[in-house]
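Peer 1: Next up is a structure, given as structure tokens.
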Amino acid sequence: MALEWLHPVLIAAVLVLAAIGAVRRVNLWRQGQKEPVDIVGGLLAMPGRYMKDLHDVVERDKYMSKTHVATGGGFVLSMVLIVLVHGLGVDSKLLGWALLASLAMMFTGAVFVYLRRRNPPSRLSKGPWMRLPKSLLSFAGAFFILTLPLAGVLPEGTGGWLLTLVLTVLVIYGLSEMLLGMTWGGPMKHAFAGALHLAFHRRPERFGGGRSTGLKPIDLGQPVLGVQKPSDFKWNQLLGFDACVQCGRCEAVCPAFAAGQPLNPKKLIQDMVVGFAGGTDSHYAGSPYPGIDIGSASGGPHQPITEGLVTPDTLWSCTTCRACVEECPMMIEHVDAIVDMRRFMTLEKGSTPGKGAEVLENLIATDNPNGFAPASRSNWAADQNLNLMSEVKEAEVLFWVSDGAFDMRSQRIIRAFVKLLKAANVDVAILGNEEQDSGDLARRLGDDATFQQLARNNIATLSQYRFKKIVTTDPHAYHCLKNEYGDFGGNYEVFHHTTYLNELVQQDRLKFDQFQGGKVTYHDPCYLGRYNGEYEAPRELLRSLGIEIAEMERSGFRSRCCGGGGGAPVTDIPGEQRIADMRMEDVIATDAELVAVGCQQCTAMLEGVVEPRPEVKDISEILIDVLIEEVH
Amino acid sequence: MQPDLKLVSLLSTGRHPKSGRACRANQDSRALELAMKTSSQVTAVHAGNPDNNVLRQYAGMGLKKIAVLDLPETADPTQSLKHYLDEQSPDIVLTGVRAEDGESSGMLPYLLSEKLGWAMVPRIAEIQSIENGKAKVLQALPRGQRRLIEVDLPFIASVDNSAAEPRQSAFGPASRATIETISTEIFTDEALAGWQLSAARKRPKRLKIAKAKTAADRFKAATAKSQSKGGTLIKDKPASEQAKAIFDLLVTESVIKQP
């Protein structure tokens, strides 16, 4: 073959250019704030994280996971062998055959990428991503033919200068896409940034089946609180944004996007990339934020994000349901980023929209979001004959009532739960008026100062008493107490009431009749399910009543939010539909007459849907209807 | 916005109606909001304890600095404020209508206006314009009515509940603002020293008799504030007639006895 010297030189040149691009890219990430990471440990853990954790998420789409294994695995293997065989000129038939095999694998994968891209779903980004299958095919195809003589299949020097020219063009095209694109910002960037993102993830606890969902506290003494400019993010958050493959799985599950509110998690992450790399969003080729045209956003690493890059409404549309994070194959932390930016809006600019400002002021002045007299917190329990912690000092179970205490609908749930506790003879006490809001709402609205204050107050109160476990009917309080108070020295054994009731049922301390009613479905609250992994206990409880749950299409870890989280009902960003209405349509699609819920916010949101609609009941309310009370 | 205008906003400690906790006072926050909207040269002043944490809540509205005349609770703040305002010589001084805590007499703006010799406009909702040393202000009257008043600078105004809502108080600026303590001569409040304070008794509530026949009437009754009726304009009458009219009014209201 002519021009034998050309390909090694080409490969070497592209590798050098790619290395320069890599340094440039790393420097872009380094504009972010310091965050210590375990560099060696992270890099060593990276392959495992890729094979296990990342692949588990990709595996939810079988077609894509197989395609990716073939293409990605084939490419990595081929690249190593190409450097050996074509770059360094190692003359080995074995290596030649190995390279042919890996290129064939990559080519097969690329064919499936091509098939997928013929009629791509709307969630996928187009633009440069549409040329990717062609680049993959050229790369694999060209090197395959080039390798044939080395493996001894074809005699050396097959083909004339025309074939050499064609192959060289294809090799340059393929190498540029695969290697230069990786570090200079093409679609293949996801491989480079993604690998490092897995190594230096901000929540390494998530790997190996762990869970890390509590928001990180901020130091309130900093000169600027929250994230104003892209460079205010931690460096590994910027790295995480860069890892995005624009697969749009987040977009497909985002309740705010579906409701036509101006949020699209994928676009948000791409806008963050635009922010720290500088420029405009005109190259973005995916779905826009509903109602906002593409091309008008521009930013830079030191420019305020909400001045030109992202509108505040986008940030406030999020319900923090974590569906995007759960679905993201690159394990990007969208919710962390959104709350970081909200923190700046609330703590520095004082521009929490809607009723946000009022709610935060109430939380500061009355420890509850609606400004009720703190002395009236335990009024609901006037007829309940419940022990107060301040009197008994010690109990087996501390029942965390939460702000549902002020709301008459939620009181029905709370009373039902108390009735069940009494039927099971549980040694229970409440904090009464000493309890304060858990701080969930304040924190999701970006007011970490008020959250920290409330958390410290509650921890100080709890530290005066002795109890074995905390049980609560409110998944939001559950999440705060369990996952977010630890940063302030509050470590407790916390249970959601469905988990605890299920335990009581297993221990035969509660007995129920069979449920006599129609079809029942169950709605997973985000803060119970995705945030805390409790999908089974509520279902087991329902099954113990003889209920066969008619599951919604989106249930379990894919459950759709009711629209009540993250302060979304407070900030109330307008959209085309209400999230709760969409969730009720999911319920109606199962033909259920009753939707069982484990959260007072979800109850409120779903009951806010106009009738006729299925009935909404908390699991404890369903349970007391069939409770067999022993007469003493 | 009138950037060259000097405004002073007087801040007091509020008291949350439900929890009784100290917080920024509703009317004072509205006064500060009005001041910040009117001019960029706003001086916020508190007469009292410089360590009062509530001041941070006002600072969170975007103040770099709050001046505090360091006074004990027993002091008469009007004297010290008068001296301070003499030094500052602002164009407008804004206060709330009455404090939410303490004496809560609502007298402070009047006493200051008397001491300074400035006009006092009670219960304003808006400053409409300021031109040639005259300000046009909207005074809030019961049931949403407004009266346009023209007043010469400098003047004092108390700000009504119907003025624009105060902006959100943000934690960052609140914690970074400087509290500038100004030591000042302390004038003891002689009247206060002579008083005996005791806890308030809850007075029995008069039962409401529903007289309203229609929903519109009930709405009126629920929203009505006390409304002055009648009255005659005696502004342009000779001084002796004006004096006579005031004297007669005081007699009919049995404030003084007919000699």
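Peer 1: Taking the square root of 5 times each eigenvalue of the Cα gyration tensor, what semi-axes in Å does the equivalent ellipsoid of segment B:114-259 have, largest first? Please list the in-between numbers first.
Peer 2: Numbers: eigenvalues 210, 153, 128 Å².
Values for segment B:114-259, descending: 32, 28, 25 Å.
Peer 1: Is the C-alpha gyration tensor of segment B:16-83 telling us rounded, prolate or oblate? Criteria: a/c under 1.5 is rounded; beyond that, a/b larger than b/c is prolate, otherwise oblate.
Peer 2: Taking the square roots of the gyration eigenvalues as a ≥ b ≥ c, segment B:16-83 is oblate.
Peer 1: Ok, one more. Could you work out how far apart the two model spin labels at residue A:88 and residue A:292 are, taking each label as a point 7 Å from the Cα in the direction of the beta carbon, and quote it in nm?
Peer 2: 5.0
Peer 1: Between helix A:356-366 and chain A, what is the angle of the helix's C-alpha long axis to the longest principal axis, kept within 0 to 90° and rounded to the nearest 10?
Peer 2: Approximately 40 degrees, to the nearest ten.
Peer 1: Of A:113, A:141, A:127, whose Cα points farthest to the positive end of the dipole of segment A:77-160 (charges on the beta-carbon: +1 Lys, Arg; -1 Asp, Glu; origin at the Cα centre)?
Peer 2: Farthest towards the positive pole: A:127.
Peer 1: Still on this structure, I have one more. Ranked by accessible surface with a 1.4 Å probe, highest first, in what order do A:548, A:333 come?
Peer 2: A:548, A:333
Peer 1: OK, next. Counting only Cα atoms, I'd like the Rg/Rh figure for segment A:236-318, Kirkwood definition for Rh.
Peer 2: Working: Rg = 11.7 Å, Rh = 12.6 Å.
Checking Rg against Rh, the ratio lands at 0.93.
Peer 1: Does anyone have the angle between helix A:161-175 and the longest principal axis of chain A? Alpha-carbon axes, 0 to 90°, nearest 10?
Peer 2: It works out to around 20 degrees.
Peer 1: Turning to a different aspect of this structure: Put +1 on the Cβ of each Lys and Arg and -1 on the Cβ of each Asp and Glu in segment B:6-193; which of B:173, B:9, B:72 then has its Cα farthest toward the positive end of the dipole?
Peer 2: My answer, from the dipole projection, is B:173.
Peer 1: If you filter segment A:79-166 for trypsin sites (Lys or Arg not before Pro), then keep DSSP loop positions with at most 15 other Cβ within 10 Å, what is left?
Peer 2: Here the sparse-neighbourhood loop sites are A:126.
Peer 1: Would you work out which of A:533, A:521, A:546 lies farthest towards the positive end of the dipole of segment A:520-625, given +1 charges on the beta-carbon of Lys and Arg and -1 on that of Asp and Glu, about the Cα centre?
Peer 2: The residue sitting farthest along the positive end of the dipole is A:533.
Peer 1: If you plug each phi of segment B:233-240 into the Karplus form 6.51 cos²θ - 1.76 cosθ + 1.60 with θ = phi - 60°, what whole-Hz ³J(HN,Hα) values come out, in order, with x for Gly and Pro?
Peer 2: Whole-Hz 3J(HN,Hα) from phi for segment B:233-240: 7, 10, 4, 9, 7, x, 4, 5.
Peer 1: How high is the relative contact order of segment A:221-348, given as a whole-number percent (alpha carbon pairs under 8 Å, six or more residues apart)?
Peer 2: Worked out over segment A:221-348, it gives 35 percent.
Peer 1: Give me the distance in nm between label points sitting 7 Å out from Cα along the Cα-to-Cβ direction at residue A:557 and residue B:65, one decimal.
Peer 2: Between residue A:557 and residue B:65, the simple spin-label model gives 5.7 nm.
Peer 1: Divide by every residue of chain B the summed helix terms, -39500 (n - 2.57) for each DSSP H run of at least 4, and state the resulting mean residue ellipticity at 222 nm, rounded to the nearest 500 deg cm²/dmol.
Peer 2: Theoretical 222 nm ellipticity from helices: -8000 deg cm²/dmol.
Peer 1: How much accessible area per residue does segment A:352-492 have, counting only protein heavy atoms and a probe of 1.4 Å, in square angstrom?
Peer 2: Per residue, segment A:352-492 has 36 Å² of solvent-accessible surface.
Peer 1: Now for a different question. What dipole magnitude, in Debye to the nearest 20, does chain B give about its Cα centre under +1 on Lys/Arg Cβ and -1 on Asp/Glu Cβ?
Peer 2: Numbers: 37 positive and 29 negative charges, 403 e Å.
Dipole of chain B, to the nearest 20 debye: 1940 debye.
Peer 1: Can you tell me the orientation of helix A:39-49 relative to chain A, as the angle in degrees between its alpha-carbon axis and the longest Cα principal axis, to the nearest 10?
Peer 2: So the inclination is approximately 90 degrees.
Peer 1: Average partner chain C-beta neighbours within 10 Å, per residue of B:14-23? Present the calculation step by step, with values, prior to reporting the outcome.
Peer 2: Working: counts 1, 1, 8, 4, 11, 11, 5, 5, 1, 4.
Partner-chain Cβ atoms within 10 Å, mean over residues of B:14-23: 5.
Peer 1: Based on the mean of other beta carbon atoms within 10 Å per residue, what is the order of A:82-90, A:479-487, most packed first?
Peer 2: Order by mean packing, descending: A:479-487, A:82-90.
Peer 1: Classify chain B: rounded, prolate or oblate, from the alpha-carbon gyration tensor (a ≥ b ≥ c, eigenvalue square roots; a/c under 1.5 rounded; otherwise prolate if a/b is larger than b/c)? Can you show the working numbers first?
Peer 2: Details: a/c = 1.38, a/b = 1.29, b/c = 1.07.
Rounded is the answer for chain B, as its axis ratio a/c remains below 1.5.
Peer 1: Further, regarding this structure: So if I place +1 on the C-beta of Lys and Arg and -1 on the C-beta of Asp and Glu, and nothing else carries charge, what would the dipole magnitude of segment A:221-348 be about its Cα centre? I want it in debye, nearest 20.
Peer 2: 100
Peer 1: Still on this structure, please answer the following. Sorting check: for A:591-604, A:407-420, B:138-151, A:438-451, which peptide has the highest mean count of neighbouring beta carbons within 10 Å, and how do the rest follow?
Peer 2: Averaged packing, sorted descending, gives the order A:438-451, A:591-604, A:407-420, B:138-151.
Peer 1: Still on this structure: Please compute the length gained on full extension between residue B:240 and residue B:197, using 0.36 nm multiplied by the number of residues separating them and subtracting their Cα-Cα distance.
Peer 2: Stretched out fully, the residue B:240 to residue B:197 stretch lengthens by 11.4 nm.
Peer 1: Continuing with the same structure: With the Cα gyration tensor of segment A:350-452 giving a ≥ b ≥ c as the square roots of its eigenvalues, does the rule (a/c under 1.5 for rounded; else a/b larger than b/c for prolate; else oblate) give rounded, prolate or oblate? If you can, show how the numbers build up before the last one.
Peer 2: Working: a/c = 2.44, a/b = 2.09, b/c = 1.16.
Verdict is prolate for segment A:350-452.
Peer 1: From the backbone phi of segment A:433-444, what are the Karplus-calculated ³J(HN,Hα) couplings (6.51 cos²θ - 1.76 cosθ + 1.60, θ = phi - 60°) in whole Hz, Gly and Pro given as x?
Peer 2: Karplus values, whole Hz, x for Gly and Pro: 6, 6, 5, 10, 3, 5, x, 3, 4, 4, 5, 5.
Peer 1: 222 nm [θ] for chain A, helices only, -39500 (n - 2.57) per DSSP H run of 4+, per residue, to 500?
Peer 2: Helices in chain A give a 222 nm mean residue ellipticity of -13000 deg cm²/dmol.
Peer 1: Then there is this: Give B:18/B:115; A:62/A:126; B:82/B:244; B:134/B:237; A:355/B:208; A:229/A:355 a once-over and call out the pairs whose C-alpha atoms are over 28 Å from each other.
Peer 2: Numbers: B:18/B:115 36 Å; A:62/A:126 21 Å; B:82/B:244 32 Å; B:134/B:237 24 Å; A:355/B:208 33 Å; A:229/A:355 26 Å.
Pairs exceeding the cut-off: B:18/B:115; B:82/B:244; A:355/B:208.
Peer 1: Looking at the protein assembly as shown, what % of its DSSP beta bridges pair antiparallel, to the nearest 5?
Peer 2: Taking every DSSP beta bridge within the protein assembly as shown, about 30 percent pair in antiparallel fashion.
Peer 1: Can you list the aspartates and glutamates whose alpha carbon is less than 16 Å from that of residue B:6, not counting same-chain residues fewer than 8 positions off?
Peer 2: Counting by Cα, and skipping residues close in sequence, residue B:6 has these aspartates and glutamates nearby: B:33, B:86, B:87, B:91, B:131, B:152.
Peer 1: Hey, can you grab everything whose amide H is under 5 Å from the amide H of residue B:158? Only 5+ residues off in sequence or another chain; H modelled, so Pro and N-termini drop out.
Peer 2: Placed amide hydrogens put B:95, B:121, B:123, B:124 under 5 Å from residue B:158.
Peer 1: List the lysines whose alpha-carbon lies under 25 Å from that of residue A:393, not counting same-chain residues fewer than 8 positions away?
Peer 2: Leaving aside lysines fewer than 8 places away in the same chain, those within reach of residue A:393 are A:419, A:422, A:468, A:469, A:482.
Peer 1: If only Cα atoms are counted, what is the Rg of the protein assembly as shown, and what is its Dmax, in Å?
Peer 2: Rg and Dmax of the protein assembly as shown, Cα atoms, are 34.7, 135 Å.
Peer 1: Return the unpartnered cysteines for chain A, using a Cβ-Cβ cut-off of under 4.7 Å.
Peer 2: Cys with no partner Cβ under 4.7 Å: A:244, A:247, A:254, A:318, A:328, A:480.
Peer 1: Also, quick follow-up: Could you give each residue of segment A:547-561 its phi-based ³J(HN,Hα) in whole Hz, using Karplus coefficients 6.51, -1.76, 1.60 with θ = phi - 60°, and x for Gly or Pro?
Peer 2: 8, 9, 6, 7, 5, 6, 4, 9, 9, x, 5, 9, 3, 8, 4
Peer 1: Can you give the charge dipole size of segment A:337-402 about its Cα centre, rounded to the nearest 20 debye, using +1 on the beta carbon of Lys and Arg and -1 on the beta carbon of Asp and Glu?
Peer 2: Roughly 320 debye, rounded to the nearest 20.
Peer 1: What do you get for GluC sites (Glu not before Pro) in segment A:150-238 restricted to DSSP loop and a cutoff of at most 13 other Cβ within 10 Å of the site's Cβ?
Peer 2: Working: sites: A:156, A:177, A:205; in loops: A:156.
Answer in residue order: A:156.
The values are calculated or read from the model by the stated rules, or taken from the named source; none is laboratory data. Remember, predicted model here, so these are calculated numbers, not experimental data. Because the Cβ atoms are built from the backbone with ideal geometry, glycine has one as well, and the counts that use them run over all protein chains shown. Keep in mind that these areas ignore ligands, DNA and RNA; they rest on the heavy atoms of the full protein, side chains included. Shrake-Rupley method; radii C 1.70, N 1.55, O 1.52, S 1.80 Å.
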